[in-house]
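The values are calculated or read from the model by the stated rules, or taken from the named source; none is laboratory data. Here the structure is a predicted model, which means the values were calculated and not measured. Because the Cβ atoms are built from the backbone with ideal geometry, glycine has one as well, and the counts that use them run over all protein chains shown.
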């Protein structure tokens with residue numbers, strides 16, 4: 001995963017001594033608390049972030065009067081020191097994102113389907129998408145009317161799903177027409193100003209005006 005810089009987190013605890021009015025007279029900051037320390041601590045303060053910034057905070061404070069600002073500052077300093085040590089250990093293992101993905105790395109892509117091909121792509125009740133999920137393990141979800149997200153467990157599954165999608169849409173591929181070519185068209189509607197013709201079932205009908213029906217002047221298609 002491409003990231004700007006690594007992030008680590010640590011839990012900070014607090015053991016304090018208070019007088020009757022709740023004023024803290026002495027305290028100790030605990031770093032990386034677990035189990036019994038979490039239960040007995042006056043504070044469970046979780047801090048996540050990079051070396052120089054905080055990305056998330058979560059605190060459970062058991063002091064009824066809250067915490068003085070100086071204790072909060074000390075806790076944040078301790079959390080930063082601990083984060084930096086953790087990040088140093090992380091960098092010894094991997095200091096930057098891998099240049100190439102592993103073979104079993106999940107893949108996420110987007111796919112655009114023209115609205116007139118959506119029915120063939122989805123199938124009745126989304127049957128085609130269910131078949132793709134069963135055969136390849138790839139999940140396809142709609143983002144908007146023409147855009148879909150494709151989540152695959154690995155690259156091979158993604159390629160297999162794309163091949164299935166290509167076959168689904170292949171039958172609806174519009175043929176390329178050559179300028180000056182002669183084609184046989186089907187008249188689907190007669191209008192006073194011309195006729196609607198359709199060259200292929202996958203192509204929408206287009207209007208052929210009277211002026212192009214014959215070399216002679218045609219005032220109405222019925223004459």
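Given 151, 121, which one is more than 30 Å from residue 42 (Cα to Cα) and assigned to a strand (DSSP E or B)?
Answer to the check: 151.
Just to be sure I understand, how many residues within the stretch 194-223 are part of a loop (DSSP other than H, G, I, E, B), touching a strand residue (DSSP E or B) at 6+ places or on another chain (Cβ under 6 Å) and at pLDDT 80 or above? Spell out the reasoning first.
Applying the first criterion (part of a loop (DSSP other than H, G, I, E, B)) to the stretch 194-223 yields 199-205, 213-223.
Still in the list and also touching a strand residue (DSSP E or B) at 6+ places or on another chain (Cβ under 6 Å): 205, 221.
Checking which are at pLDDT 80 or above leaves us with 205.
Adding up the residues that qualify gives 1.
All of (1) surrounded by fewer than 15 Cβ atoms within 10 Å (Cβ to Cβ); (2) out of contact with any strand residue (DSSP E or B) (no Cβ under 9 Å at 6 or more places or on another chain); (3) over 30 Å from residue 48 (Cβ atoms) hold for residue 117 with one exception: (1). Only one of the numbered conditions (1) assigned to a helix (DSSP H, G or I); (2) modelled with pLDDT under 85 is violated by residue 99, and that is (1).
Counting just the residues of the stretch 59-93 that are in contact with a strand residue (DSSP E or B) (Cβ under 6 Å, 6 or more places away or on another chain) and either modelled with pLDDT of 90 or more or not assigned by TED's automatic domain parsing to the domain that holds residue 23 (or both), which one comes out surrounded by the most Cβ atoms within 10 Å (Cβ to Cβ)? Across the stretch 59-93, the extreme among qualifying residues is 79.
Taking each residue of the stretch 117-146 that is assigned by TED's automatic domain parsing to the domain that holds residue 157 and looking for partners that are surrounded by fewer than 13 Cβ atoms within 10 Å (Cβ to Cβ) with beta-carbon atoms closer than 6 Å, six or more apart or interchain, yields 146/112; 146/115. Note on the stretch 31-41: residues that are within 15 Å of residue 62 (Cα to Cα) and buried (at least 19 other Cβ atoms within 10 Å of the Cβ) amount to 1. Please go through (1) at pLDDT below 90; (2) on the phi < 0 side of the Ramachandran plot; (3) outside any helix (DSSP H, G or I) for residue 22 and return the number of the only condition it doesn't satisfy. Condition (2) is where residue 22 drops out.
State whether the residues of the stretch 178-191 include one that is assigned to a loop (DSSP other than H, G, I, E, B), touching a helix residue (DSSP H, G or I) at 6+ places or on another chain (Cβ under 8 Å), over 30 Å from residue 104 (Cβ atoms) and modelled with pLDDT under 85. Before the answer, list the steps.
In the first step, residues of the stretch 178-191 are kept if they are assigned to a loop (DSSP other than H, G, I, E, B); the result is 178-185.
Still in the list and also touching a helix residue (DSSP H, G or I) at 6+ places or on another chain (Cβ under 8 Å): none.
The answer is no, given that none of the residues of the stretch 178-191 is assigned to a loop (DSSP other than H, G, I, E, B), touching a helix residue (DSSP H, G or I) at 6+ places or on another chain (Cβ under 8 Å), over 30 Å from residue 104 (Cβ atoms) and modelled with pLDDT under 85.
Being over 13 Å from residue 9 (Cα atoms) and not in a helix (DSSP H, G or I) is true for just one of 39, 27. Which residue is that? Write out each step before concluding.
Details: 39 fails: not in a helix (DSSP H, G or I).
It is 27.
Name the residue, out of 108, 169, 158, that is modelled with pLDDT of 90 or more, surrounded by 11 or more Cβ atoms within 10 Å (Cβ to Cβ) and either outside any loop (DSSP other than H, G, I, E, B) or touching a strand residue (DSSP E or B) at 6+ places or on another chain (Cβ under 6 Å) (or both). Can you show your working first?
On the way: 108 fails: surrounded by 11 or more Cβ atoms within 10 Å (Cβ to Cβ); 169 fails: modelled with pLDDT of 90 or more.
Exactly one of 108, 169, 158 is modelled with pLDDT of 90 or more, surrounded by 11 or more Cβ atoms within 10 Å (Cβ to Cβ) and either outside any loop (DSSP other than H, G, I, E, B) or touching a strand residue (DSSP E or B) at 6+ places or on another chain (Cβ under 6 Å) (or both), namely 158.
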